[in-house]
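I have a structure I would like to understand better, so I am pasting it below and will then ask my questions one at a time.
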Amino acid sequence: MKSSRYGISSLRKQFPDDDACLEFVFNALYDRRCSCSGMFRRIPGRRQFQCSKCRSQVAPTTGTIFHKSGTPLVLWFHAILAFFNAKGTLSAKQLERDLEVTYKCAWRILSLIRKVLPGFPRLYDHNLSYPDLVTTVIKARHGGTRRRKVS
């Protein structure tokens, strides 16, 4: 049985920084091995990974709700947790206060989450783990195109 408790402290342990969040997004969408049998490694200072052999690059946030967002991924993950833990609906004003961002940023984050997950069940309704829910959010189609490596 999966644990039903997942809060801020659990989120901070599992996703302490943007690098951990980006690794999670990459692992949810791509395989570590490139089609040329090389390994993808993170490009320092960028939200991209590069193959060690053929030098092809992959941006895991492309085509997700995180695409072209300057907001740190840690705040996005916190917003997703707040969305799923809310008893009723979550307002952009509340998210603004929780994340300590501008109202415009909070509204955009919340509207994108709502767009990719219309009517999605709450976190504790089906006893799903938080990483499972974040994976669902990541894999939800949004906006741009995402090219996956063909094995």
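No lab work stands behind these numbers, since they all come straight from the coordinates. Please read these numbers as outputs of a predicted model, since none were measured by experiment. Because the Cβ atoms are built from the backbone with ideal geometry, glycine has one as well, and the counts that use them run over all protein chains shown.
Give me the Kirkwood hydrodynamic radius of the range 1-61 in Å, from all C-alpha pairs, to one decimal place?
13.0 Å
Next question, about the same structure. In the range 8-139, how many lysine pairs have Cα atoms under 29 Å apart, counting only pairs 8 or more places apart or on different chains?
21
Under the Kirkwood approximation applied to all pairs of distinct alpha-carbon atoms, what is the hydrodynamic radius of the range 8-139 in Å?
15.7 Å
Calculate the spin-label point distance for Ala20 paired with Gln57, positioning each point 7 Å from the Cα along the beta-carbon direction, and give it in nanometres.
Once both label points are built, they end up 2.7 nm from each other.
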